[in-house]
Amino acid sequence: MGNNNQQALESLYQSLRAGNMGLYKGYYQEYKNDFIQFARKFTPDTDLIVDAYHDAFIVLYENVLSRQLEEMTSSLKTYVFSIGKYTLLNKLKKRHRTVYTEGVEGMEMPQYGIVEDLERSESADLLRRHIRSLGDACQSLLILFYYKKYSIEAMMHTLGYKNENTVKAYKSRCLKKLKELMQGAQTS
Amino acid sequence: MNLTDRQLDILDRFLRNEMGDSDREEWKAMMQDPRVQDEIRNMTHLQQAIREEGRERLRAELGAWDMEEGKAAEKPGAKRVFSYWRWAAAAVLFLIVVAALLMQNRDSDPASLFAEYYAPYPNIVAPIQKGESSVDPFSRAFQLYEAGQYQEAIDAFELLPKNNPSIIFYMGLCQVELGEDEEARYTFATLHMIPDHPYHQAVEWYLALLELRSGSLEKAILMIDPIATSPEHPYYRKAIQLRRELDHL
């Protein structure tokens with residue numbers, strides 16, 4: 001069982017690195033209705049449940065790409081459900097003035113991977129504005145490289161560059177432009 | 001400061017969590033230089049901002065898949081057009097019937113039905129005893145509820161530890177009384193997280209009534225129907241009656 005899980009994770013890792021979202025999307029669609037049914041026992045608010053499900057898949061994406069789940073023995077579905085439940089209960093806790101948490105299973109941090117707070121940080125807001133002002137091509141390139149962790153080859157195919165060196169050169173240019181914007185903001 | 005290409009590659013591998021054993025020695029050496037440390041700090045902040053942008057894009061992508069799925073469920077196209085017309089005609093007919101019934105009986109609107117079927121839940125936790133006024137904060141909160149001082153009761157409940165389902169349930173009831181329906185819905189929703197609490201059935205009933213008060217008849221019916229088909233439910237009879245009245249709206 002554990003071996004099958006690891007194979008599933010490895011396939012997912014390889015496909016994401018290659019810029020292929022098909023397998024990930026397949027899992028997303030396969031588990032969605034079951035998760036909504038499962039989460040209804042915590043809240044009737046479907047929007048909140050779907051929001052937590054999105055968070056769970058974002059966490060899954062990041063943890064697969066950063067190889068944080070190599071020790072995981074549970075199935076992918078169990079993992080997604082545990083993250084989804086954890087984020088849902090935390091969202092409910094934040095939203096309500098009163099929340100009962102003692103003795104509720106699932107309030108503990110899931111065992112595998114890293115579950116970051118997915119709320120936006122204000123400190124990154126200015127930087128994000130600079131990133132947006134770079135234009136779509138640079139934004140996409142930086143996101144693919146630093147967030148989606150695409151290989152240079154996958155970036156070349158996705159963004160339509162003629163070779164890997166062009167991707168590298170363009171990435172350096174985007175970073176340089178971004179640093180200039182940051183420095184400009186600091187001096188003004 | 002400008003890093004060498006080699007140093008930049010190592011830094012990228014660090015940021016992408018891909019550093020190999022061979023990089024680590026060089027990484028340690030790089031970290032000794034304060035100017036390199038500055039560069040690493042800058043790049044780490046940058047990566048945090050890129051991560052947030054990336055998450056936002058990924059979230060949008062997940063949302064687009066949801067929409068795609070919704071659209072797929074609406075197919076097939078030709079049949080759908082026909083079906084739209086049928087539904088539109090049915091909706092017009094339904095509105096005409098509803099309007100006619102409303103003209104006949106103006107009292108049977110959702111708000112009136114709410115008023116008719118809503119009854120405050122009795123204080124069974126710490127009832128007021130004749131000639132006694134409780135000073136312990138727990139009993140006092142429930143007695144304020146019983147006395148109809150709902151805002152004061154909420155203030156008193158707020159001071160109590162939230163590890164008791166009765167406290168959460170009665171706070172929700174106070175919010176219903178004060179017309180804070182959204183807050184009440186969420187307070188009741190938190191009760192879902194407590195296994196085997198004694199207010200499950202009452203909460204189902206009150207949530208259905210809240211939908212009624214907000215005018216969401218379809219949602220109200222969806223919540224009333226399971227009650228009206230469960231003879232063991234304490235609100236079974238009321239639910240059957242209410243359901244009949246809703247059929248005539």
Report task. Report, ordered by the first and then the second residue, all pairs with beta carbons closer than 8 Å, sequence separation of six or more or different chains, a first member in the range B:52-66 that is within 20 Å of A:LYS32 (Cβ to Cβ) and free of Cβ contacts under 8 Å to residues at least 24 places away in the same chain, and a second member that is among the polar types (S, T, N, Q) and surrounded by fewer than 15 Cβ atoms within 10 Å (Cβ to Cβ). Result -> B:TRP65/A:GLN29
Report summary line: Only one of B:GLU56, B:GLU18 is outside any helix (DSSP H, G or I) and out of contact with any helix residue (DSSP H, G or I) (no Cβ under 6 Å at 6 or more places or on another chain), namely B:GLU18
Query raised in the report: In this structure, does A:TYR147 turn out to be crowded, with 16+ Cβ neighbours inside 10 Å, hydroxyl-bearing (Ser, Thr, Tyr) and modelled with pLDDT of 85 or more?
Result: yes
Requested in this report: May I ask you to verify whether B:GLN129 is surrounded by 13 or more Cβ atoms within 10 Å (Cβ to Cβ) and at pLDDT 65 or above?
Outcome: no
Requested in this report: Run down B:PRO76, B:PRO34 and say which single residue is more than 17 Å from A:LYS149 (Cβ to Cβ) and at pLDDT 60 or above.
Outcome: B:PRO34
Query raised in the report: Is one or more of the residues making up the range A:13-23 out of contact with any Cys (no Cβ under 7 Å at 6 or more places or on another chain), part of a helix (DSSP H, G or I) and in contact (Cβ under 8 Å) with a residue 60 or more places away in the chain?
Result: yes
**Report entry** Top-ranked residue in the range A:33-47 [being surrounded by 19 or more Cβ atoms within 10 Å (Cβ to Cβ) and within 17 Å of A:VAL80 (Cα to Cα); ranked as nearest to the chain's Cα centre (by Cα)]
**Finding:** A:PHE35
Report task. Hand me the list of helices (runs of 4 or more DSSP H) wholly inside the range B:168-249 holding 3 or more residues that are among the charged types (D, E, K, R) and crowded, with 17+ Cβ neighbours inside 10 Å. Result -> B:200-213
Requested in this report: Please specify each residue of the range A:50-69 satisfying the condition of being under 20 Å from A:PHE145 (Cβ atoms) and facing another protein chain (nearest Cβ under 10 Å).
Outcome: A:ILE58, A:TYR61, A:GLU62, A:LEU65, A:SER66, A:ARG67, A:GLN68
Query - Matching residues in the range B:27-53 - criterion: being more than 8 Å from every other protein chain (Cβ to nearest Cβ) and surrounded by 14 or more Cβ atoms within 10 Å (Cβ to Cβ) - result: B:TRP27, B:MET30, B:ASP33, B:VAL36, B:GLU39, B:ILE40, B:MET43
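The values are calculated or read from the model by the stated rules, or taken from the named source; none is laboratory data. Treat the numbers as computed from the prediction; the structure is a model and nothing was measured. No Cβ is skipped: glycine too gets one built from the backbone with ideal geometry, and neighbour counts run over all protein chains shown.
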